[in-house]
1. Do we find a residue being without any contact (Cβ under 8 Å) to a residue 40 or more places away in the chain, more than 29 Å from A8 (Cα to Cα) and either part of a loop (DSSP other than H, G, I, E, B) or touching a Cys at 6+ places or on another chain (Cβ under 9 Å) (or both) anywhere in segment 86-103?
2. So which of R157, R132, R113 is exposed (fewer than 14 other Cβ atoms within 10 Å of the Cβ), at pLDDT 95 or above and more than 14 Å from the chain's Cα centre (by Cα)?
3. Looking only at segment 106-135, count every residue that is over 18 Å from A65 (Cβ atoms), part of a helix (DSSP H, G or I) and small (G, A, S) and tell me the total.
4. Can you tell me which residues in segment 108-152 are closer than 16 Å to W74 by Cβ and either in the same structural domain as R66 (by TED's automatic domain parsing) or β-branched (V, I, T) (or both)?
Amino acid sequence: MGRSQPTAYSTALRALARREHCAAEMREKLAEKGFDSDEIDDAVHRLVQHGYLSEQRFAEGFLRARLRRGEAPWLAAQKARMRGVDAAALERAAEEALEAFDADAACTAMLARRDPGRQRFHDPKRWQREARFLRQKGFDSATILRALQRGNVEDER
């Protein structure tokens with residue numbers, strides 16, 4: 001017995017079983033699999049209707065994961081925008097993330113994991129490397145400077 005070709009809907013369900021997707025990602029993924037635009041539109045509509053595909057849920061999960069990795073909320077939101085997340089859903093998720101986000105604590109915690117021996121106080125290149133790393137994570141210069149200076153044994157004497 002031959003197997004029938006998978007539909008766009010069943011292909012999308014399998015993709016959603018692995019991880020959340022936004023509608024734009026799902027459309028792109030289905031187009032790459034060779035489905036036509038009408039079938040893709042129908043599949044995405046059905047997924048949203050049944051609650052399997054949610055822009056809000058994707059935006060919240062995406063931002064939460066990026067914040068756990070140490071990224072600043074604005075940078076995480078920018079990356080979500082680049083993936084095509086719905087602007088309204090992203091705005092709501094970003095507002096929630098910003099309320100609970102403490103930039104100083106996040107920056108300091110990340111620095112403590114990267115430089116537990118506080119070598120940055122003895123090696124200017126290490127200081128610069130840590131500053132660049134934190135900047136790439138989206139932290140502003142003032143927050144980075146406060147985090148880098150925190151814990152200097154010589155300053156505490």
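The values are calculated or read from the model by the stated rules, or taken from the named source; none is laboratory data. Everything quoted here is computed from the prediction, not taken from an experiment. Reconstructed Cβ throughout: ideal geometry from the backbone, glycine too, with neighbour counts over all protein chains shown.
1. yes
2. R132
3. Adding up the residues that qualify gives 2.
4. Once the filter is applied, which keeps residues that are closer than 16 Å to W74 by Cβ and either in the same structural domain as R66 (by TED's automatic domain parsing) or β-branched (V, I, T) (or both), segment 108-152 yields T143, I144.
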